[in-house]
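The values are calculated or read from the model by the stated rules, or taken from the named source; none is laboratory data. Only a predicted model underlies this, so the values are computations on that prediction, with no experimental measurement involved. FYI the Cβ positions are ideal-geometry reconstructions off the backbone, even for glycines, and counts take in every protein chain you see.
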Amino acid sequence: MYFVEFIIINQMVEWFLRVDYVASAVEFEDSLEGTLPEQMREVYKQDHEVIKHLGSKPILEREQENRIKNNVSCWTKGPKDNMALWKIYGASKQSIAIITTLEKLVQSTRLWSGVTGVTFKEVTYIDHSGGLPDGIYTLSYDTFGLKHEAYEFEKEVRMVVTRSSLKQPSPLRLKIKPNDIIEKIIISPEAGEWFFDLVKSVSKKYRIIAPVEYSKLTELINKSKLKN
């Protein structure tokens, strides 16, 4: 199965320089990121056995500690274009998408040192305030396999990198071999021809062998512009 990551131009250069930027979970804008569903929060607050075993530290502090020690790389399952994701995560018309496979991502983790563990999670979309589907609801890397159902359109798969440090959140820049990971480089459907040429030129400079291609939406968008 193919995975897609939407990135901006400076992240592309980091990839070509053999570095994968993996954000701290603390950096995410979603206020529900790394939080447990309300039913489980109540267990942490009120269940005497849980309090006896884990202590009485407030659940908000526990959730923040869990964010601090986990870094998350976000991918979309499947190769189809998604205009919403281009706009949200590409962040500008001059953006690209990296296409890869799970097997290639797993292989890339063998280069890494100084991390406690790496886990791949297909995101389960839930209503944090409603009934819960079967699953694991603990404060660990598993928490980052949960996301509010409002984001279900993302069809997300996550690589969660766990660190032992609880001192402060920090992004990770992990070694990769881009030619072992990248299947294709897709150009944003709203990018101009100059940007396509730029990405091809930079790819050639860094000896990236993966093809650079236009999004399948590009031709449709260009035809629409001609009609106006």
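Answer yes or no as to whether F3 is of a type outside the set (D, E), over 13 Å from the mean Cα position of the chain (by Cα) and modelled with pLDDT of 85 or more. When the stated conditions are applied, F3 does not pass them. Checking each residue in region 128-146 for being touching a residue at least 12 places away in the same chain (Cβ under 8 Å), in contact with a strand residue (DSSP E or B) (Cβ under 7 Å, 6 or more places away or on another chain) and over 30 Å from R18 (Cβ atoms) picks out H128, L132, L146.
Take region 79-107 and flag every residue that is hydroxyl-bearing (S, T, Y) and either within 13 Å of the chain's Cα centre (by Cα) or within 16 Å of D180 (Cα to Cα) (or both).
The initial filter retains those residues of region 79-107 that are hydroxyl-bearing (S, T, Y), namely 89, 92, 95, 100-101.
Correct list: Y89, T100, T101.
Number of residues in region 161-187 that are in contact with a helix residue (DSSP H, G or I) (Cβ under 7 Å, 6 or more places away or on another chain), under 24 Å from L102 (Cβ atoms) and buried (at least 16 other Cβ atoms within 10 Å of the Cβ): the value is 6. So for region 43-55 (the condition being at pLDDT below 90, closer than 24 Å to R163 by Cα, of a type in the set (G, A, S) and exposed (fewer than 14 other Cβ atoms within 10 Å of the Cβ)), does at least one residue qualify? The answer is yes; a qualifying residue exists. V13 meets all of the listed conditions (1) out of contact with any helix residue (DSSP H, G or I) (no Cβ under 8 Å at 6 or more places or on another chain); (2) exposed (fewer than 15 other Cβ atoms within 10 Å of the Cβ); (3) assigned to a helix (DSSP H, G or I) but one, namely (1).
Selection of region 178-223 for residues being of a type in the set (S, T, Y), under 14 Å from M12 (Cα atoms) and not in a helix (DSSP H, G or I) yields S188, Y206. Filtering region 82-118 to residues that are modelled with pLDDT under 90 and crowded, with 16+ Cβ neighbours inside 10 Å leaves N82, L85, W86, Y89, G90, Q94.
Within region 123-142, being closer than 14 Å to V160 by Cβ and surrounded by 13 or more Cβ atoms within 10 Å (Cβ to Cβ) holds for V123, T124, L139, S140, Y141, D142. Quick one: is R158 of a type in the set (K, R) and either crowded, with 16+ Cβ neighbours inside 10 Å or in a strand (DSSP E or B) (or both)? Considered against the rule, which asks whether it is of a type in the set (K, R) and either crowded, with 16+ Cβ neighbours inside 10 Å or in a strand (DSSP E or B) (or both), R158 comes out as yes.
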